[in-house]
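Everything on this sheet refers to the single structure shown next.
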Amino acid sequence: MNKNTLSVTDNRTGKIYEIPIEHGAVPAIDFRQIKESEDDFGLMCYDPSYSNTAACRSNITYIDGDKGILLYRGYPIEQLAEECTFLECAYLTLYGELPTESQLSTFTHGVLRHTMIHENVKKFMEGFNYDAHPMSMLMSTVAALSTYYPESVDVRHEELRTEQVLRIVGQVPTLAAYCYRHRRGLPYNYPDDELGYVENLMHMLWKRTEHKYKPHPVLAKALEVLFILHLDHEQNCSSTTMRTAGSSLADPYVTTAAAIAALSGPLHGGANEAVLRMLDEIGSVNNIPAFIKEVKEGKRRLMGFGHRVYKNYDPRAKMIKRIADEVFEVTGRNPRLDTALELERIALQDEYFVARKLYPNVDFYSGIIYQAMGFNPAYFTVLFAIPRTPGWLAQWEEMLMDKEQKIARPRQLYLGYGHRDVVPMSERAESAVAV
Ligand code: SDX
């Protein structure tokens, strides 16, 4: 008997229910028919942090966490990183196929003609303290772009939506570069659309007084590959935030700002900054055993290790580790690499990490490279947000086009008080929760 169904017996009533299995999942709504009595609401599925819940159908990114496989629209990231540019991969992620020469040229023109931002945005930037966290600056200014493009609220209008996608992919690097320059008290560099996407970012970040900025090809290639590796990662915290905020039909600017907010957390994109701070705190390799002891006692987390999906080595971490050597040829070796390599060697042999299938993830080595390039750790997650932006927008558009999707509105298991009446102030006892 190999019917694609689940037979569920409710032992409270003895009733048996047949629930269809499709793509390795069962429709959660089908459990609502399971009731103890007629006025019963029906069963829900309880899944805090959605550890075992598929919230959508998607064709964008596939991860096999046990095998350490990551595909963008079916193509292995190893091949894409080797043979394609970032914009080719952004096109693939957004539109489903690798572009032809002419499609890539049109897409590139569409993005690069949107790299300029409204002059007023600089005034927002001036309002931040010099040491304001760049992720907060980026989130705020991306949200503010919404006020310049009110037509973007019509998210069902395909042409308008496409224009906003190109504009956001084009403008986020400019805003990111302005955040970098603001912190250093340097004048902003206007975009140079004679340069490619990554080279233009380098120009806006690093051009000083020279007449024409010349991006170092090794660093440009390293950033191109790092950006490809960070493009999308299916239903992670920030993509889920993008889908959730977008499901209310909020415009793509404020929705992208929400995703940036989610990415900033140290358990998510903020981990690359946290890794550097952890390596700085550990200092020399002699201090690693004491640090590992604290981790195993539950006092600390080994930042840059572990993943909700990968229970094997994150394929991105492997590739990023390889890029490190090429970058250090140009920038000089970052001594923290030795600490990181020793930390990894010890952790991968230790039962605590082995038993929990904790391996280096995308954030473990990226920060070491970014620091060697001269970025302050606070800026590392901005370098995650830039390439993830097309990925978020691809997830957002897929959600909008999905006829099964409605405004996100999960249920809850209410375990609070039943009905109770308000008591006059004079009769209230001190509550246990002292404010
Ligand atoms: C990214 O989702 C994505 O795809 C995200 C991302 C993307 O591209 O978008 O891949 C990018 O966010 C990578 C992850 C970056 N975060 C970190 O490196 C922060 C450190 N890692 C963790 O906090 C943790 O591993 C998570 C948050 C990444 C995943 O946590 P889970 O899946 O919720 O696992 P868990 O917290 O339930 O931990 C399971 C066990 C626990 O031990 P026990 O309670 O069973 O004894 O493993 C332990 C945890 O304490 N554990 C760690 C650990 N991660 C998990 N112990 C020490 N150090 C760690 N890093």
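The values are calculated or read from the model by the stated rules, or taken from the named source; none is laboratory data. Source: prediction; values computed, not measured. Cβ placement follows ideal geometry from the backbone for every residue including glycine, while neighbour counts extend to all protein chains displayed. Just the protein is used for accessible areas: all its heavy atoms, side chains included, with ligands, DNA and RNA removed. Shrake-Rupley method; radii C 1.70, N 1.55, O 1.52, S 1.80 Å.
Here is a yes/no grid of residues against (1) in contact with a Cys (Cβ under 9 Å, 6 or more places away or on another chain); (2) open to solvent by 70 Å² or more (accessible area, probe 1.4 Å); (3) aliphatic (A, V, I, L, M):
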residue: F107; (1), (2), (3): no, no, no
residue: T115; (1), (2), (3): no, no, no
residue: P134; (1), (2), (3): yes, no, no
residue: E151; (1), (2), (3): no, yes, no
residue: R156; (1), (2), (3): no, yes, no
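Per-residue answers, yes or no, for (1) free of Cβ contacts under 8 Å to residues at least 24 places away in the same chain; (2) more than 28 Å from L413 (Cβ to Cβ); (3) assigned to a loop (DSSP other than H, G, I, E, B):
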| site | (1), (2), (3) |
| --- | --- |
| S37 | yes, no, yes |
| D40 | yes, no, yes |
| T53 | no, no, yes |
| S58 | no, no, yes |
| Y62 | no, yes, no |
| E78 | no, yes, no |
| Y91 | yes, yes, no |
| L94 | no, yes, no |
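With the condition kept exactly as written, say whether any residue in region 347-355 is in the same structural domain as A222 (by TED's automatic domain parsing) and within 29 Å of H216 (Cβ to Cβ).
Checked against the condition, which is being in the same structural domain as A222 (by TED's automatic domain parsing) and within 29 Å of H216 (Cβ to Cβ), region 347-355 yields no hits at all.
Given the criteria more than 21 Å from I77 (Cα to Cα), open to solvent by less than 10 Å² (accessible area, probe 1.4 Å), part of a helix (DSSP H, G or I) and away from the ligand (no atom under 15 Å from the Cβ), does A378 qualify? I'd like the intermediate steps shown before the answer.
Working: more than 21 Å from I77 (Cα to Cα): yes; open to solvent by less than 10 Å² (accessible area, probe 1.4 Å): yes; part of a helix (DSSP H, G or I): yes; away from the ligand (no atom under 15 Å from the Cβ): yes.
Criteria met by A378.
Among the candidates Y213, Y190, the residue that is among the hydroxyl-bearing types (S, T, Y), open to solvent by 20 Å² or more (accessible area, probe 1.4 Å) and more than 18 Å from V169 (Cα to Cα) is uniquely Y213.
So which residues in region 291-343 are farther than 23 Å from H233 by Cβ and in contact with a Lys or Arg (Cβ under 8 Å, 6 or more places away or on another chain), if there are any at all? Within region 291-343, F291, E294, V295, E326 meet the criteria.
Residues in region 20-43 that are open to solvent by less than 70 Å² (accessible area, probe 1.4 Å) and either in the same structural domain as Y91 (by TED's automatic domain parsing) or farther than 29 Å from M401 by Cβ (or both): I34, K35, S37, D40, G42, L43. Figure legend. Inter-residue proximity from region 145-164: first residues in the same structural domain as N120 (by TED's automatic domain parsing), second residues aromatic (F, W, Y), beta-carbon distance below 8 Å, spacing 6+ or different chains. Indicated pairs: L145/Y253; S146/Y253; Y149/Y253; S152/Y253; Q164/Y149; Q164/Y253. Could you check, for region 46-58, whether at least one of its residues is within 16 Å of the ligand (Cβ to nearest atom), open to solvent by less than 90 Å² (accessible area, probe 1.4 Å), closer than 30 Å to L195 by Cα and touching a Lys or Arg at 6+ places or on another chain (Cβ under 8 Å)? No, because not a single residue in region 46-58 is within 16 Å of the ligand (Cβ to nearest atom), open to solvent by less than 90 Å² (accessible area, probe 1.4 Å), closer than 30 Å to L195 by Cα and touching a Lys or Arg at 6+ places or on another chain (Cβ under 8 Å).
For region 293-316, give me each residue that is among the β-branched types (V, I, T) and at pLDDT 95 or above.
V295
I'm trying to understand the selection: among the residues of region 359-375, which are more than 10 Å from the ligand (Cβ to nearest atom) and touching a Lys or Arg at 6+ places or on another chain (Cβ under 8 Å)? Those that are more than 10 Å from the ligand (Cβ to nearest atom) and touching a Lys or Arg at 6+ places or on another chain (Cβ under 8 Å): Y365, I368, Q371, A372.
Applying the selection to region 227-273, what residues are within 13 Å of the ligand (Cβ to nearest atom), of a type in the set (S, T, N, Q) and at pLDDT 95 or above?
Q235, N236, S238, S239, T240, T241, S264
Residues of region 1-25 that are β-branched (V, I, T) and in a loop (DSSP other than H, G, I, E, B): T13, I21.
When region 318-358 is limited to residues that are open to solvent by 70 Å² or more (accessible area, probe 1.4 Å) and either on the phi > 0 side of the Ramachandran plot or not in a helix (DSSP H, G or I) (or both), the one that is nearest to the ligand (Cβ to nearest atom) turns out to be R356. Out of curiosity, is N287 under 30 Å from V169 (Cβ atoms), more than 14 Å from the ligand (Cβ to nearest atom) and polar (S, T, N, Q)? Answer is no for this residue. Of the helices (runs of 4 or more DSSP H) contained entirely in region 245-317, those carrying at least 3 residues that are small (G, A, S) and more than 21 Å from E351 (Cβ to Cβ) fall at 252-263.
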